[in-house]
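What follows is a short report on a single structure.
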Amino acid sequence: MKEITVSKEFEQIRADKFLEKYLSGANKSFIYKMLRKKNITLNDKKIAGSEKLKNGDVIKIYFSDETLEKFTDGRSKVLNCDNKKNVGADKTDNNGKSNNGKSNNSKSNNGKSNNGKNNNGKSNNGKISNSNNGNNVNNNNNNNNNDIYKNKKHDFVKQHIIYEDDNIIIFNKPKGMLSQKSESGDISVNDVLLNYVRYDKVKDLFKPSICNRLDRNTSGLILFGKNYSAVRELTAAIKDRRISKYYLCPVASNNIIEKGLTKRVEAYLEKNERTNKVRIKSNSKVIDENSDFVVTSYTVIDTGTLDSAFNTAVNTALLKVNLITGKTHQIRSHMAHEGMPIIGDYKYGDKRINDYFKAKYGVKSQLLHSYLLEFNNMKDSLEYLSGKKFKAKPEKDMLRVLKDLGLEINNEPGRISTWERGTVEV
């Protein structure tokens with residue numbers, strides 16, 4: 001018999017989904033059959049499988065050792081079962097008897113911190129990193145990120161973590177790094193953080209994951225859930241727009257840009273899978289089933305003029321963009337459609353202007369940075385994050401361009417020390 005005490009990391013997961021993870025070698029029909037026959041119980045009662053698990057619930061699996069090994073793919077003796085992993089306590093008795101709650105692997109470290117991680121299950125001791133100075137690790141090409149990470153894994157990760165607690169990590173992704181792996185040789189944010197939290201695909205029931213993505217050449221904040229409940233709530237909060245995402249980007253236009261202007265723009269976006277490019281449609285009469293409704297709001301923080309480089313004056317501006325919906329290339333295409341393409345964006349921008357910034361500053365891609373996350377009305381295990389804000393300083397290439405254009409970030413409401421520290425929790 002196997003007895004499992006569910007920890008808070010698996011709160012709100014359905015019992016059948018939990019069992020599918022634990023008994024990974026068994027199919028669904030077999031699991032439901034065992035539930036009907038009471039060979040698997042929850043708190044010593046028969047269950048249907050649809051029940052939502054709670055912290056402290058006890059699951060008992062009345063299998064022989066051989067059967068248990070078969071349906072856990074031989075992992076029953078190595079699955080992580082301590083409080084800092086996925087399952088709260090795991091008690092096995094070859095004679096079908098309980099061992100009175102004792103487990104070789106379930107002892108707590110009495111809440112002592114280990115490298116900034118607190119194993120007592122509390123979530124209000126998260127740490128804010130002061131080490132990220134906005135350095136761009138992608139100085140020459142996209143392979144630099146891989147090389148730096150391979151050579152100095154721990155330093156690289158710590159330098160880019162904005163915030164961490166028992167449930168989440170907020171990571172400041174450098175330009176040139178993928179959010180998720182696309183090819184076998186890629187190193188992505190997801191892979192880096194899985195390694196950082198010591199995820200073991202053999203021993204761990206749940207695989208932590210990032211909950212939002214950024215384009216390869218867009219820098220900024222990415223959310224990573226360490227456990228099931230965190231990933232579930234982060235994903236739901238993003239979908240429900242309880243997490244607000246703000247970006248900074250310098251733009252250039254032949255049109256006059258009004259400082260202080262705030263505008264909400266709505267349109268439809270259509271993606272061409274072959275070219276990996278999207279098209280904005282403002283006329284609802286031309287939309288079809290392949291079009292997505294998108295909403296973007298932006299505020300003009302500061303304005304300037306790029307003189308002498310061109311025959312006609314080119315107006316510049318720094319925008320604070322609120323990504324209300326989140327579709328492929330939404331900000332880039334929406335700003336271009338507004339007549340204010342992002343500087344450096346060769347896919348949607350003005351090649352003549354982009355060539356100027358490439359020659360003068362080495363800018364080869366869009367200067368777009370996800371710099372602010374605001375948490376509102378968070379629920380369940382992440383309720384403590386409600387009302388908090390986290391910022392990440394832009395990378396040096398963007399800061400240099402903004403400085404030379406005379407565009408002031410500090411016109412954006414907030415303390416100057418916010419940018420000096422690189423992060424802020426309000």
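Summary of computed values
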quantity: Segments classed as strands (runs of 3 or more DSSP E), wholly inside the range 261-329, with at least 2 members that are modelled with pLDDT under 85; calculated: 262-272, 277-281, 291-306
quantity: The one condition in (1) in contact with a Ser or Thr (Cβ under 7 Å, 6 or more places away or on another chain); (2) in contact (Cβ under 8 Å) with a residue 40 or more places away in the chain that LYS21 fails to fulfil; calculated: (1)
quantity: Residues located in the range 330-346, provided they are open to solvent by 10 Å² or more (accessible area, probe 1.4 Å), in a loop (DSSP other than H, G, I, E, B) and touching a strand residue (DSSP E or B) at 6+ places or on another chain (Cβ under 6 Å); calculated: GLY339, MET340
quantity: Every pair of residues 6+ apart whose Cβ atoms lie under 9 Å, when the first sits in the range 214-234 and is polar (S, T, N, Q) while the second is modelled with pLDDT of 90 or more and in a helix (DSSP H, G or I); calculated: THR218/ILE331; THR218/ARG332; SER219/MET398; SER229/LEU382
quantity: Candidate set from the range 237-262 (those that are without any contact (Cβ under 8 Å) to a residue 60 or more places away in the chain and either crowded, with 22+ Cβ neighbours inside 10 Å or out of contact with any Asp or Glu (no Cβ under 8 Å at 6 or more places or on another chain) (or both)); member that is farthest from GLU9 (Cα to Cα); calculated: ILE256
quantity: All positions within the range 178-191 that are among the hydrophobic types (A, V, I, L, M, F, W, C) and at pLDDT 90 or above; calculated: LEU178, VAL189
quantity: Residue tally, condition of a type in the set (D, E, K, R) and under 25 Å from the mean Cα position of the chain (by Cα), over the range 237-263; calculated: 5
quantity: Scan of the range 35-54 for residues that are within 15 Å of ASP16 (Cβ to Cβ), polar (S, T, N, Q) and not in a strand (DSSP E or B), ordered by number; calculated: ASN39, SER50
quantity: Close pairs from the range 186-204: first touching a residue at least 40 places away in the same chain (Cβ under 8 Å) and open to solvent by less than 20 Å² (accessible area, probe 1.4 Å), partner in a loop (DSSP other than H, G, I, E, B) and of a type outside the set (A, V, I, L, M), Cβ under 8 Å, at least 6 apart; calculated: ASP204/ASN80; ASP204/LYS85; ASP204/ASN86
quantity: Residue in the range 377-392 that is within 30 Å of SER229 (Cα to Cα), touching a Ser or Thr at 6+ places or on another chain (Cβ under 7 Å) and open to solvent by 60 Å² or more (accessible area, probe 1.4 Å) present; calculated: yes
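Residues checked against (1) under 22 Å from the mean Cα position of the chain (by Cα); (2) of a type in the set (A, V, I, L, M, F, W, C):
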residue	(1), (2)
HIS329	yes, no
LYS347	no, no
PHE357	no, yes
VAL363	no, yes
ASP380	yes, no
GLU383	yes, no
LYS396	no, no
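The values are calculated or read from the model by the stated rules, or taken from the named source; none is laboratory data. Bear in mind the structure is a predicted one, so any value in this text is a computation, not a measurement. Cβ atoms come from the backbone with ideal geometry, glycine included; neighbour counts cover every protein chain shown. The protein model used for the area step is the full one, side chains on, heavy atoms only, and it has no ligands, DNA or RNA in it. Shrake-Rupley method; radii C 1.70, N 1.55, O 1.52, S 1.80 Å.
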